[in-house]
Amino acid sequence: MHKLRPDFVALASCAVLLAACGDDQPSSSFDPTSQVTTANNPTTNQVSSTSGPQDTEPTTTTTPTEPGTSSVATETGTTDTTGTPETATDPGTTTVDTTGPDPSTTSTTDPGTSTTMAMPCEEANCPMGQFCDPNGNGCVPGCNDDTDCNAPTKCDVGSNTCKGCLGDGDCPLGTVCDAGECMPGCNDMQPCQDGLACCSNSCVDLLVDTANCQACGNACPVPPNGNASCVMAQCGLASCKAPWNDCDKDPGNGCENQGPCQCDPGTQTACYTGQDGTQGVGICKEGLQTCNPQGTGYGPCMGEVTPNPTEICSNGLDDNCNSQVDEDADADGDGYTVCGGDCCDEVGPNCLNPALVNPGAFEVGGNMVDDDCDGTKDNPVASCDANLTSNSSNALDYAKAIDLCQTTTENPPQNQKKWGVISGTLTRADGVGAIDSQAKSIRPGFGNNVLPQQNARLAVLSTGNAADQNDVNPPYADFQPGKINGANSNAPADWLAANGGQFPNAPGCPGAQSNGANDSAMLKLRIRVPTNAKSFNVQMYFYSAEWPEYVCTAFNDLFVSLVNSTAAGNPNDKNIAIYNAPNNQKFPVGVNIAKAAPGLFTQCQNGQVGCYGTPFNYNNCTGTQGIAGTGFQADAGFDYCQEGNYHTGGATGWLKMSGNVKGGEVMEIRFAIWDTADGQWDSLVLLDDWVWSVQASQPGVQPN
C-alpha cells in the first residue's frame, strides 16, 4: 500500500466512512526513450518503449473491527477514527504487545523474591567503539565493524578488536597482512611499490638483484675467482677475490690472473662485454682495449656494439642481436608489441614489470613509471566534468561526472586498445523502459555542505527528483511523502535470481513482499578495464526519507551496484553496494542497513527509529551537516516517531564502494535505485570519484 502521512490518517478514515474515492496520481515526466550512448558516437540511439509495469496505486481497504468502531488500514498501521495509530501491521511483520511487561526485561518471581534479567542489546543501541556482548553484559568496549575503529585500523569481528589489517588489501603496496599487521611482502594480488617486481613473495629490483637479475629466479653465475654483479639487469663481474685480478676485462672468464696485472703499455687486444652468443650477430661486434702506460692493465673496451634492449621498429637492422630483423616482439605477453606502442616490453631501466606497462594501462600516480606509455610519467587523465549540463540525458556525461574521463570503442585495433568507457544507458532497474527525466542529474554539490569528492561534479540518481532545495533543471520536489513518477520495473533479474527470488534484507527486518522496483532509475556503463588494474572504488552517499519512521520495515528502498566481471572475489549476486556482516552475511545498501551495520547511517539524529515497525533506539548518528539544505533535514511537521526525531530523512555519509576486475577485460556496472513496496518516501544516491587500483579489494562499502 502507499503510505499515508499520519496527520492525514484521521481525515482518510472519515473519507472511507462517507464514500470511496480515487487517489489523484502526481503527474509524471519521462524521457521519451531508453537511451544508449556509445563513446565513439556522441549521438544517442533512441528506442521507444512502453513496456514494463505501469504504476498503479494499491487499493486501501478497511479492516474489520469490533462492533461500533471503524478503522482504515494504512502503511502506518491500523488507525481508529480518533486518529490514534496502533502498532504497524504490514503483512509479514510481527507486532509488539505494548500492553504487557517491559520488553527489555524478563521477570521471574518466587514468593518473597523478585529477579530482573537484562535482555541482549542490539548493535544499533551501542555507541561507536562498543559492541553487544553475547554474554548479556550489554554494550562493552570493542568493535563489531570497521566503524568502531579509528582509521586505518579494521575490526576483527572474531576477537572484537581493532587491528592494523585483516587482509592484504588493507595494506600499502609492498606489504602484506601478517597476524593483523602490515609487513614487507607481496603476492599476485598485492603488488610491490615503485615498480619493483614480486619474486617469491618479496619485492626486488630486477636491475640489481643478483638472485633475480632481469627475471625472477634468474641468479647470476659466480665468475671464477670473483663475485657476481647485476647491473642494469645484466649479470657480470663485481670484484675479484684476492689475490686474483681481471686483467683482460672479460667478465666471461672472471678473474683470470693470479697476481698483479701486467701488459705491454700501448698494446691492444680484442674485447666484447655483451651477452654470450651475441658477438658478431646483427649489429653487435667486438671492440679494442689498450694497455695503460703503467703496464698494469687494460682500459675500457672501445668501439664495441652490444645488443639494444629492444628492437627498433622498421630500420632494417637486427638491433637486439637475436638473428631477427625488425621483429615486432611481445616479449612480456601483454598483448602489446614494441612497434605497437609498448614502451616496456622487457626488463630494463624504469621497466621492472613489463606486463603491467603498456598503452592499455592506467597511470599510477607517484611510482615514477610511464605506465600507459604516453611518454610522460605520473600524469593522470585530465578532469572532464566542469561544464556538464545538470539535466543531461547522455549516459556518458554521468560517467564523466564520476570521473571516468577516458573513452574507447568496442573493437579498436590492438595498438589503440586503451582503457575507457565504451557505452552507457539510462533506464529503469531492469534495463527496460525510459528513466524519469527528473530522476537523474549532474550537480556541483548537494545541499549546503556536500561537495564532489573529486573535480567539479557528481552524479545523482533518485526515486523522486534528483535535486536539493535550491536546485533547478530538474527542480526540487519533496522527498516526503515523495513523488510517484511511474517509472516502475522489475528488479534486475540476475541479482534477484542469485538471491533466491527475494530481496536480501537486514536480520530481523520484514521482507519487501514484492519484487517490484518502483520509481526506479539505473545508469549502466560498459568499460574496458586498464591492463594493470585489479580493482576499482567509487564514492557513494545514500539518502532516504524512509528514515527514521520505516527503518526495519518492508519499505526498504534499495541501491545496488552490479558488477559483471570475470575477476574473482566479487559477490555471487554481483552487488558491491553491500555491507559484509561479521557472520559473512551481505546486506544491500538501504535504510534497513541501520540494523545490520549501525555505523554506516551517520547523517541523522539519534533517538527512536522504526516507529512504524518495531521501534528501537539508534545512537550512531554523528551529525546532520550532510542533510542540511537537501530536503532531508529537520522539519517539525515530520515528528512521526514523537520522540523529537523530526528529520524528513537520513543519510550514510560518503562511503567507499569497491569491486574487483580483471585487467584488460570489458566489464559492465549497473548503478540502480528504487522504492521498495510502494512509490512514496523517496531515496537518492550520489556517485563520484571513480579510482582504479593495482591491488585487489574486499568488495563492499566502508566509511571514508
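The values are calculated or read from the model by the stated rules, or taken from the named source; none is laboratory data. These numbers come from a predicted model, not from an experiment. Neighbour counts are summed over all protein chains in view; Cβ atoms, including those assigned to glycine, are modelled from backbone coordinates with ideal geometry.
Structure data summary
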quantity: Top-ranked residue of the stretch 146-175 - restricted to ones that are more than 18 Å from the chain's Cα centre (by Cα) and closer than 15 Å to E123 by Cβ, ranked as modelled with the lowest pLDDT; calculated: V157
quantity: Contacts under 8 angstrom Cβ, first residue in the stretch 303-322 being under 19 Å from P354 (Cα atoms), partner of a type outside the set (S, T, Y) and not in a loop (DSSP other than H, G, I, E, B), 6 or more apart; calculated: P309/G348; T310/G348
quantity: Filtered residue count, the stretch 387-410, keeping only those that are hydrophobic (A, V, I, L, M, F, W, C) and either at pLDDT below 95 or more than 23 Å from the chain's Cα centre (by Cα) (or both); calculated: 1
quantity: Qualifying residue in the stretch 425-438 (condition: of a type outside the set (V, I, T), outside any loop (DSSP other than H, G, I, E, B) and farther than 20 Å from S489 by Cα); calculated: no
quantity: Members of the stretch 460-475 found to be buried (at least 17 other Cβ atoms within 10 Å of the Cβ) and part of a loop (DSSP other than H, G, I, E, B), listed by number; calculated: T463, G464, N465, A466, A467, D468, D471, P474
quantity: Among the residues listed as G280, G295, G266, the single one being over 30 Å from T531 (Cβ atoms), free of Cβ contacts under 8 Å to residues at least 24 places away in the same chain and assigned to a loop (DSSP other than H, G, I, E, B); calculated: G280
quantity: Residue within the stretch 584-599 that is assigned to a strand (DSSP E or B), over 18 Å from Q539 (Cα atoms) and at pLDDT 90 or above present; calculated: no
quantity: Some residue of the stretch 510-521 being surrounded by 24 or more Cβ atoms within 10 Å (Cβ to Cβ) and either of a type in the set (V, I, T) or under 14 Å from the mean Cα position of the chain (by Cα) (or both); calculated: no
quantity: Which listed residue is at pLDDT 95 or above, over 23 Å from C121 (Cα atoms) and among the small types (G, A, S), from G649, G637, G663; calculated: G663
quantity: Some residue of the stretch 663-685 being in a loop (DSSP other than H, G, I, E, B), charged (D, E, K, R), within 17 Å of the chain's Cα centre (by Cα) and farther than 24 Å from C384 by Cβ; calculated: no
quantity: Hits in the stretch 545-586 (condition: aromatic (F, W, Y) and crowded, with 24+ Cβ neighbours inside 10 Å); calculated: W547, Y550, F555, F559
